[in-house]
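Each remark here refers to the structure printed beneath this line.
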There are 2 protein chains.
Amino acid sequence: MASRLTPEREAELYTAVLELLREVGYDALTMDAVAARTRCSKATLYRQWGSKPHLVVMALRHDKPVKLAEIDTGSLRGDFDVMLQRTDDCRLEKDTALMRGLAHAVHNNPDLLRAMRELLVEPEMDSLDEVLQRAVRRGEIAADNPALKLLPHMLIGAFVARPLIEDQPVDAAFLSAYVNAVVLPSLGA
Amino acid sequence: MASRLTPEREAELYTAVLELLREVGYDALTMDAVAARTRCSKATLYRQWGSKPHLVVMALRHDKPVKLAEIDTGSLRGDFDVMLQRTDDCRLEKDTALMRGLAHAVHNNPDLLRAMRELLVEPEMDSLDEVLQRAVRRGEIAADNPALKLLPHMLIGAFVARPLIEDQPVDAAFLSAYVNAVVLPSLGA
């Protein structure tokens, strides 16, 4: 059995995959192109990641700057503040461009959609849910508040609507205003 | 100067444009294809609508079942209830499919984006804003509530996130739950 890649080599590969993704888009990103760019054999790529959708989604997941699960300040407002502090505007703009490029691919590639759900969306949702459940245990949010299940919808709305409606990029100042005006009031917090 | 088309003929043309849009998508929809399908001359199409983006957006606008501006029940909750009653699930599903197909085209066609903003998004936002301003005048919402400017973001989030996160179509029952759990509480209504 071949040994696994080192974490450094893995990080290098993920960076190359995201570069390619921004340059050529999902459809034109082939395992051959990744192999050539990273001087890694296709056999290794398939052994380590199994498929192109899985590799792409793991690269996206690796690149995420904010690990929600680590945030636990003792109050819901404090947890949101830390999430926002760790998010810088330049990254938000790059991520939005990446996501927009993937949105189309996702609808034409059920494997990519499944991998994104399992590896990116669901862990993120679980971490957000953990933040909310701690707030419920502290008595900040009522356990039966129906908005608890709708936080992802509210946040996705902020990301999608800001460029579409206002022709403005999503930045930390806007997200902070949105959390205070929409998210916290609907949670009753 | 040539006479304008009758409203019936205009409606027929819009229906044909939306059919083509669902069948082939925005990029493959040409003025030639519209002319052939509707047995209308290209000269007439250009005289009446000026350009493909304008024609497509006017067809989308004509097809909208709910005219927000006409709704005035005397309470914000009542206005939302009427909006939801006039929206049926089958239409929502068809509209979501159409919008998904257009989302990609919009990002590659600045003319389409501009036409959608001017002819579809802004009038809709103005009508929603009128509903909210009446609620402010009745004293249901504080005039300085920051969520007043964020209603489009909340609603777009509901439409985008429901299929993405929950793998479920947007239906009237979900929208009603979302309005009650997110929209009305954040507006303080």
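Against the test of being under 26 Å from residue B:107 (Cβ atoms), surrounded by 13 or more Cβ atoms within 10 Å (Cβ to Cβ), over 13 Å from the mean Cα position of the chain (by Cα) and modelled with pLDDT of 80 or more, the options A:112, A:76 yield a single qualifying residue, A:112. Within the bounds of segment A:13-25, is there any residue that is modelled with pLDDT of 85 or more, out of contact with any Lys or Arg (no Cβ under 6 Å at 6 or more places or on another chain) and of a type in the set (Gly, Ala, Ser)? No, segment A:13-25 has no match at all.
For segment A:141-175, the set of residues classified as touching a residue at least 24 places away in the same chain (Cβ under 8 Å), closer than 19 Å to residue A:124 by Cα and open to solvent by 30 Å² or more (accessible area, probe 1.4 Å) consists of A:155, A:159, listed by residue number.
Considering segment A:177-189, the residues that are on the phi < 0 side of the Ramachandran plot and open to solvent by 40 Å² or more (accessible area, probe 1.4 Å) include one that is nearest to the other protein chains (Cβ to nearest Cβ), namely A:185. The one condition from (1) at pLDDT 80 or above; (2) open to solvent by 50 Å² or more (accessible area, probe 1.4 Å); (3) over 21 Å from residue B:175 (Cβ atoms) that residue B:107 does not meet is (1). In segment A:118-132, which residues are closer than 20 Å to residue A:148 by Cβ and under 13 Å from the mean Cα position of the chain (by Cα)? Selection gives A:121, A:122, A:123, A:124, A:125, A:126, A:127, A:128. Scanning segment B:17-42 for residues that are at negative phi, open to solvent by 10 Å² or more (accessible area, probe 1.4 Å) and part of a loop (DSSP other than H, G, I, E, B) returns B:30, B:40, B:41.
Considering only residues in segment A:79-99 that are surrounded by 16 or more Cβ atoms within 10 Å (Cβ to Cβ) and not hydrophobic (A, V, I, L, M, F, W, C), the one that is nearest to the other protein chains (Cβ to nearest Cβ) turns out to be A:96. Filtered by the rule that a residue be surrounded by 13 or more Cβ atoms within 10 Å (Cβ to Cβ) and touching a residue at least 12 places away in the same chain (Cβ under 8 Å), segment A:130-140 gives A:130, A:131, A:132, A:134, A:135, A:136, A:140.
If we scan segment A:87-100, do we find a residue that is at pLDDT 90 or above and out of contact with any Cys (no Cβ under 7 Å at 6 or more places or on another chain)? Step through it out loud before you land on a result.
So the first thing to find is which residues in segment A:87-100 are at pLDDT 90 or above, and the list is none.
No: segment A:87-100 contains no residue that is at pLDDT 90 or above and out of contact with any Cys (no Cβ under 7 Å at 6 or more places or on another chain).
The values are calculated or read from the model by the stated rules, or taken from the named source; none is laboratory data. Being a predicted model, the structure only gives us computed values, none of them experimental. Please note: Cβ atoms are built from the backbone with ideal geometry, for glycine as well, and neighbour counts cover all protein chains shown. Accessible surface is based on the protein model in full, side chains and every heavy atom, while ligands, DNA and RNA are left aside. Shrake-Rupley method; radii C 1.70, N 1.55, O 1.52, S 1.80 Å.
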